[in-house]
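Here's the structure we're looking at; comments come further down.
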Amino acid sequence: MLFQMPKKSTSSTQSSKTGSQIKLKKGQTVNDLIIQARQIVEEKLGAYKEASICITNIEDLLKFFTNTPDDAVIGIDTETTGLNTFTDELVGISLHNSSTNQAAYIPINHKSAIYKTKVPGQIEENKIREVFGNIFKTKQYRYVYHNAKFDLAVLRTFFGYPVPDPYWDTMLLANLFYQNEDHNLKYLYNKYVAVEDEGVNRFDTLFKGITFDFVPINICGI
């Protein structure tokens, strides 16, 4: 067979539908990781609480785009359960609106680390598809990504319809600017944007062993 879809895991720690997983060290609990991460977020990123919102209802999602001019730049980033754009699950979408300087996070598939079930406070997936489908058809926003080929594939799989071409890909820009360094978004932010080390690079290491869908929504919203 020329093209063959990867087989999905059937292990007890991984969902048969997604790449969700929890693999902790001996004596370690998910709650320990969450407590550590929350402390770092509040200490290092607490100042950004007013600049970022967590969108948990359709009204706030529509409001985010209200009065946004067609030439606005909209930054988009996706959070997933893994790197397979066909079989892994979209967990949430991060946005930035250049016309309002507003950042937002849309939780979509966050789960309880205890019960492995979807937690409340998330917009229905079909409603999200409907809103973005209308925006893509009627607005000419300029969309910016970091590693666009991945995000575009994830969004195309989730939405089920074409996603507008990127206006720019900051990963390509980073390579053009200086190719002999890491081009991970968190690394670049910490080096070129942050006034001081905000600990954002440590955030990933704290959650090593669990996928993003088990990270609490209130942590992701900053």
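Any read-out appearing in this document is the output of simple, stated calculations on the displayed coordinates, not a laboratory observation. Just so we're clear, the structure is a prediction, and the values are computed from it rather than from any experiment. Cβ placement follows ideal geometry from the backbone for every residue including glycine, while neighbour counts extend to all protein chains displayed.
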Step by step: find N for the chain, compute 2.2 N^0.38 Å, then divide the Cα radius of gyration by it. What's the final number? 1.04
Under 10 Å from the Cβ of I58, count the other residues' Cβ atoms, weight Lys and Arg +1, Asp and Glu -1, and hand me the total. -2
Taking the Cα centre of the chain as origin and charging only Cβ (+1 Lys, Arg; -1 Asp, Glu), how large is the dipole, in debye to the nearest 20? 860
Near the amide H of S99, under 5 Å away, which other amide H atoms are found, from residues 5 or more places off or on another chain, if H is placed in the peptide plane? V73
Listed residue (L90, I40, C220) projecting farthest to the positive dipole end of region 30-220, Cβ model: L90
Report the label-to-label distance for T87 and N31 in nanometres (one decimal), using points 7 Å from each Cα along the Cα→Cβ vector. 3.4
Please compare each pair in K111/K191; K44/K149; K44/K186; K44/K191; K25/K49 to a cut-off of 22 Å on the Cα-Cα distance and tell me which ones are over it. K111/K191; K44/K149; K25/K49
Please list the helices of the chain that count as membrane-span-like by this rule: a mean Kyte-Doolittle hydropathy of at least 0.5 together with Cα atoms stretching 24 Å or more along the helix axis, each helix being a complete DSSP H run. none
